[in-house]
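All remarks here apply to the structure that follows.
The values are calculated or read from the model by the stated rules, or taken from the named source; none is laboratory data. Treat the numbers as computed from the prediction; the structure is a model and nothing was measured. For neighbour counting, all protein chains shown are included, and Cβ atoms are generated from backbone atoms with ideal geometry for every residue, glycine included. When the accessible area is computed, the model is the full protein with side chains, heavy atoms only, and any ligands, DNA or RNA have been set aside. Shrake-Rupley method; radii C 1.70, N 1.55, O 1.52, S 1.80 Å.
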Amino acid sequence: MKRIITLTVMNRPGVLNRITNLFSKRNYNIESISVGYSEQEGMSRITCVVHVENIGVLEQITKQLNKQIDVIKVMDITEQSIVARELALIKVVSNSSTRNEIYSLIQPFRASVIDVSKDSLVIQLTGESDKIEAFIELIKPYGIKELARTGTTAFLRGTQKPSQAIKPYSIV
Amino acid sequence: MLQETAFTKMKAENEPISGAELMLEALKKEQVEVIFGYPGGAVLPIYDKLYDSKILHILPRHEQGGIHAAEGYSRVTGKPGVVIATSGPGATNIITGLADAMMDSLPLIVFTGQVATGVIGTDAFQEADILGITTPITKYNYQVRSIEDIPRIVKEAFYVATSGRPGPVLIDIPKDIAAGTAKVPEEQEIVLPGYQPTVQPNYLQIRKLTEAVSRAKKPVILAGAGILFAEAYEELKQYAEQQNLPVVHTLLGLGGFPAEHPLFVGLAGMHGCYTANMALYEADLLINIGARFDDRLTGNLQHFAPNATVAHIDIDPAEIGKNVQTHIPVVADAKEALKQLIAQEGKPPVHQEWMDTLNAWKAEYPFFYKEDGRLKPQKVMEMLYEKTKGEAVVVTDVGQHQMWAAQYYKFSKANRWVTSGGLGTMGFGLPASIGAQLASPDSIVLSISGDGGFQMCTQELAVIREQNLPIKIIILNNSSLGMVRQWQEIFYESRFSHSKFSSQPDFVKLADAYGIKGYVIEDEAQAESIFNEVLTNNEPVLLDIRIDPDENVYPMIAPGKGHHEMVGVKP
Ligand SMILES: Cc1ncc(C[n+]2csc(CCOP(=O)(O)OP(=O)(O)O)c2C)c(N)n1
Ligand SMILES: [Mg+2]
């Protein structure tokens, strides 16, 4: 199953290396990881999307991440009320005969065209990973020249449904 | 009154001080008595300051020897062992020791030199990315980026290495940082918001465990090295006695509970005793205190303690539930958890039948060996135990001899057993015994190696002579990589691929070359007289003991098998 884990980490040298190292050392499957400064000075937020076989592995991942000295907080927010977004840039083959068709696909996805050349378009799309995948499938037949994705970044919504208190993975 | 030193004077006068001096001053503050170090270009500024320092410095003959010695020192004292290595090859030579210490949770503070800040990343002479290399095998690592940070980093490193689940911490110091000067910085507090080990147990879990003990019919305590790190031996004994609970040990836990105690069942695991393994197999309540359910202990997990409610007390939450599903998790320091368990004064279990069964097994399935006129390693270990009255510090290498030492040397006290468990590092024993003897100058230190592993760090004989350490170096010589040979005999149809030595050095002459007296021992009578002569004197000695080369370690749980499938349990 796919889980979204967010980390708050100290901005110390090598911290990203520690996290990615941990994933490879423990043989965990990671789909994407995105990193950037957070609202707190000296802290960064990391969002990881991981694939796990069962809850036991998930618990191990969160515990091993928590054990890292530079990691302040670990949350599995998959089942919370969250906002999750990813950004994709797609350079797609287009000429005068396909351009209009592509524009008509873009609209319902609220994507935008941010660069046009004689034989290609660059499309920018944000949304949840599912939406991005659906769009890529749709656009594929026209010929994708280049694709870049940021990976998911996510956090909790301002209001949570009362029943969904965050489940801490510490078992104490 | 504070003694005036160059440092206090400089501090008073607010004169600049070098990074190297700040480092040594920080070590003094941590009451470091001994450093195991090896010089080189990148650490020359540090060595220049060591020239005037009062801290004892031991110069191993290979950095690997230095770090294993630091591990031995740490294992016996409970304090962190301190290591210095130069950049590049010096630093890469300590990798095995770091991995070993990480696996066995030994606190170390390891300083590596680094090329100057300005050339980091340029493949400069003797540059190695030691932070990248050591991230997975250290508890934490640092590269010092400014001189003023040194006191804080060293303080933090000692705190991290020794608190929670201990482990090695590495500090990489670029040459210009060690050589450069700065004003003595104000003392800085440790700020590690992401590191707060849980020491006190959760009360509800303590209650739950107490109730489970009262109800249990077949309870057993599995005690690991966590008992030693937490210095919880008294509490363990008190709790086991209060609740009348049998105790089994992991390999690394040996000594945490007195071996001659009536409640002691024995060593568990691959070459543990029948009773200890069957106690785990049959138990209805398994209380793991400070062990990590390593696969050499558990055997096939599918057959591990199939009927037991599992309680696990560990200071590292990530160990709980990692290998074995746990019903009563207790994240805590072993000593604190045991204190609270004792304070509960719970109703002890009613389990006479279980205790009778265990005692009957103990009587029926002791460790055994055949006596056929050849010199048996087990006999040698029994003799060593008797001659040293069970009071020696026993340091081993890795292989058959290690298992025989674990089986036949009965430890009545903690911190007298030094062995490489998790990583199983050949070459560990001889240098580790140097650290052990320095840590415990008045003890008899037995350094027990195989003829294979002894040759992996032989060069450290020079240190034993140089420092006049009265270590009793014992080589159980079977002319082979015995443990490998045993597996090939059992699992590979006796195809002894590269496990028998066709040529070997004359170990006595080798010892002689280092100024150490050596003897060959070929039978029991010789062993008897030479042991009497050399074991208690104040000189180092090397004993090349020619044991029966065909002897195997039994009993055994074959790989993939469960505790109930032990072989070689009876003559
Ligand atoms: C550094 C290292 N290399 C290889 C091994 C694999 N190994 C485990 S035991 C063993 C044989 C050890 O032989 P010896 O030191 O003579 O001890 P014995 O088993 O004969 O008592 C080997 C090669 C190891 N544990 N460590
Ligand atoms: Mg051998």
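Scoring A:Glu41 on the criteria (1) buried (at least 16 other Cβ atoms within 10 Å of the Cβ); (2) without any contact (Cβ under 8 Å) to a residue 12 or more places away in the chain; (3) more than 10 Å from chain B (Cβ to nearest Cβ) leaves a single failure, condition (1). Note on region A:64-75: among residues that are open to solvent by 10 Å² or more (accessible area, probe 1.4 Å) and in contact with a Ser or Thr (Cβ under 8 Å, 6 or more places away or on another chain), the one that is farthest from the other protein chains (Cβ to nearest Cβ) is A:Met75. Of the residues making up region B:57-78, those that are free of Cβ contacts under 8 Å to residues at least 40 places away in the same chain and assigned to a strand (DSSP E or B) number 1. Of all the criteria given as (1) touching a strand residue (DSSP E or B) at 6+ places or on another chain (Cβ under 9 Å); (2) away from ligand 2 (no atom under 12 Å from the Cβ); (3) among the aliphatic types (A, V, I, L, M), the one not satisfied by B:Leu481 is (2). Residue count for region B:140-181 under the criterion of being open to solvent by 40 Å² or more (accessible area, probe 1.4 Å) and either among the aliphatic types (A, V, I, L, M) or within 11 Å of another protein chain (Cβ to nearest Cβ) (or both): the result is 4. Among the residues of region A:44-58, those that are open to solvent by 40 Å² or more (accessible area, probe 1.4 Å) and more than 13 Å from chain B (Cβ to nearest Cβ) comprise A:Arg45, A:His51, A:Glu53.
Every residue, every condition in (1) open to solvent by 20 Å² or more (accessible area, probe 1.4 Å); (2) at pLDDT below 95, yes or no:
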{"site": "B:Glu187", "(1), (2)": "yes, yes"}
{"site": "B:Lys208", "(1), (2)": "yes, no"}
{"site": "B:Ser214", "(1), (2)": "yes, no"}
{"site": "B:Lys218", "(1), (2)": "yes, no"}
{"site": "B:Ala223", "(1), (2)": "no, no"}
{"site": "B:Ala230", "(1), (2)": "no, no"}
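Residues of region B:484-500 that are within 16 Å of ligand 2 (Cβ to nearest atom), among the hydroxyl-bearing types (Ser, Thr, Tyr) and open to solvent by 50 Å² or more (accessible area, probe 1.4 Å): B:Ser497 alone.
For region B:501-513, the candidate set comprises residues that are within 16 Å of ligand 2 (Cβ to nearest atom) and either within 28 Å of the chain's Cα centre (by Cα) or within 14 Å of chain A (Cβ to nearest Cβ) (or both); within that set, the residue that is least open to solvent (accessible area, probe 1.4 Å) is B:Phe507. Within region B:403-422, identify whether any single residue is within 16 Å of ligand 2 (Cβ to nearest atom) and open to solvent by 10 Å² or more (accessible area, probe 1.4 Å), and answer yes or no. Checked region B:403-422: at least one residue is within 16 Å of ligand 2 (Cβ to nearest atom) and open to solvent by 10 Å² or more (accessible area, probe 1.4 Å).
Name every residue in region A:55-82 that is in contact with a Pro (Cβ under 7 Å, 6 or more places away or on another chain) and of a type outside the set (A, V, I, L, M), in order of residue number. Spell out how you get there, then give the answer.
Let us first name the residues in region A:55-82 that are in contact with a Pro (Cβ under 7 Å, 6 or more places away or on another chain), namely A:63, A:72.
Listed by number, the list holds a single entry, A:Lys63.
Scanning region B:478-496 turns up no residue that is within 11 Å of ligand 1 (Cβ to nearest atom), within 21 Å of the chain's Cα centre (by Cα) and not in a helix (DSSP H, G or I).
Say we look at region B:441-460 and pick out the residues that are without any contact (Cβ under 8 Å) to a residue 60 or more places away in the chain and more than 15 Å from ligand 1 (Cβ to nearest atom); which of these is least open to solvent (accessible area, probe 1.4 Å)? My answer is B:Val445.
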